[in-house]
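What follows is a single structure, written as structure tokens, with notes after it.
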Amino acid sequence: MKNKTGFIGLGAMGKGMALNLARKQFRLVLHDARSETYQGFDEFGSEPMDTVAAVAKDCGTVLTVLPGPREVESVILGPDGLLENADPGDLIMDLSTVLPETSDKVADACRAKGVAFVDAPIGRLAQHAWEGTSMFMVGAEDADMERVRPQLEAMGTTIIHCGGPGAGTRTKLCNNFLAIGSCMMNAELVALSQAFGLDLETTLEVIHGTTATNGQLKINYASKVFKGDIEPGFQIDLAHKDLSLIMDSAAQMKVPMPIGATIRESVSAARADGYGKKDFSALADYWCERAKVDKARLG
């Protein structure tokens, strides 16, 4: 019986989650395109592998955290990929943010081979991935949900079963539309308040006392850009990628999203002006620059 857990993709989110699995005694088999990402796993006995195929052959459950749809299809469905080397009864869980059609395509291919598939995109930020406090929006059959629960609980504190395979991906796109949209609206608000010459702390006290408040302004802005910290927890480039997935999916389903289109182009402007690698709360700094006002800071 293959009782090891494979983990493919040790980027800003993936490495923190994999380390939490290792600390909680999961026997990990790792793969990433960059060998330097294996640093920190030696003390846990985790095994790096040179190929995706080697991970699949050694593990009954494999987790993937990859940049987008193209990479997910290549790693799972491509030649010498996970599915080609998996055995019936194995399970693949993709934690990436992708198109619904990507999750559906992978789920169908896995089902045809007798391999279980779970989509469990990640909520919250890289900081939470390292702390082991991530949220997961899970699309899975009931039995598969219970099968992956130990791994999810080792990496996060909030696990929500959204429905069958594909439901996690769809829920993530809905969530990120509001999260990124709120972030963009907040950026314009900050620039306006600075132009008015208002005291930031007083303005926030008013907003947080009304229905105008939102989690991005109250939590993410307060802990990041308002402190002058724009190191990426979630890059503006990734926010743009997610908005593109959202708009592409909406177009396929003929769901009009005019506000979404405006938000995506506003984020495109920030990327064009060199803000792509900064935290998405740095949209506030960008909009202050565009308005030629001082950047907003607390304290």
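Descriptive notes on the structure:
- Checking residue 143 against (1) over 22 Å from the mean Cα position of the chain (by Cα); (2) among the aliphatic types (A, V, I, L, M); (3) not assigned by TED's automatic domain parsing to the domain that holds residue 101, the condition it does not meet: (3)
- Among (1) closer than 23 Å to residue 252 by Cα; (2) at pLDDT below 95, the one test that residue 97 misses: (2)
- Here residue 89 clears all of (1) crowded, with 21+ Cβ neighbours inside 10 Å; (2) free of Cβ contacts under 8 Å to residues at least 60 places away in the same chain except the condition numbered (1).
- For residue 210, the conditions (1) over 20 Å from the mean Cα position of the chain (by Cα); (2) assigned to a helix (DSSP H, G or I); (3) of a type outside the set (Asp, Glu) all hold with the exception of (2).
- Answer residue from the stretch 91-141, given it is among the charged types (D, E, K, R) and in contact with a Ser or Thr (Cβ under 7 Å, 6 or more places away or on another chain) and is nearest to residue 8 (Cα to Cα) among those: 94
- Long-range neighbours under 7 Å by Cβ, at least six apart or interchain, first residue exposed (fewer than 15 other Cβ atoms within 10 Å of the Cβ) within the stretch 222-236, second outside any loop (DSSP other than H, G, I, E, B): 231/279
- Residues being touching a Leu at 6+ places or on another chain (Cβ under 9 Å) and under 17 Å from residue 179 (Cα atoms) - total across the stretch 280-296: 2
- Checking residue 199 against (1) in contact with a Cys (Cβ under 7 Å, 6 or more places away or on another chain); (2) more than 30 Å from residue 144 (Cβ to Cβ), the condition it does not meet: (1)
- Scanning the stretch 114-143 for residues that are surrounded by fewer than 20 Cβ atoms within 10 Å (Cβ to Cβ) and acidic (Asp, Glu), we see that the one that is nearest to residue 87 (Cα to Cα) is 141.
- Within the set 167, 179, 154, the sole residue that is hydrophobic (A, V, I, L, M, F, W, C), under 21 Å from residue 15 (Cβ atoms), in contact (Cβ under 8 Å) with a residue 12 or more places away in the chain and crowded, with 16+ Cβ neighbours inside 10 Å turns out to be 154.
Conditions (1) among the charged types (D, E, K, R); (2) more than 20 Å from residue 133 (Cβ to Cβ); (3) within 27 Å of the chain's Cα centre (by Cα); (4) in the same structural domain as residue 13 (by TED's automatic domain parsing), marked per residue:
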{"site": "192", "(1), (2), (3), (4)": "no, yes, no, no"}
{"site": "204", "(1), (2), (3), (4)": "no, yes, no, no"}
{"site": "217", "(1), (2), (3), (4)": "no, yes, yes, no"}
{"site": "221", "(1), (2), (3), (4)": "no, no, yes, no"}
{"site": "231", "(1), (2), (3), (4)": "yes, no, yes, no"}
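- When we screen 118, 75, 106 for residues that are farther than 21 Å from residue 240 by Cα, in contact (Cβ under 8 Å) with a residue 24 or more places away in the chain and in a strand (DSSP E or B), the only hit is 118.
- Selection of first residues in the stretch 241-256 that are within 18 Å of residue 68 (Cα to Cα) and of second residues that are of a type in the set (Gly, Ala, Ser) and modelled with pLDDT of 95 or more, restricted to Cβ pairs under 8 Å at least 6 apart or on distinct chains, gives the following pairs, ordered by first then second residue: 241/68; 243/260; 245/68; 246/260; 247/260; 247/261; 250/260.
The values are calculated or read from the model by the stated rules, or taken from the named source; none is laboratory data. This one's a predicted model, so the numbers in the text were calculated from it and none came from an experiment. Glycine gets a Cβ as well: all are built from the backbone with ideal geometry, and neighbour counts include every protein chain shown.
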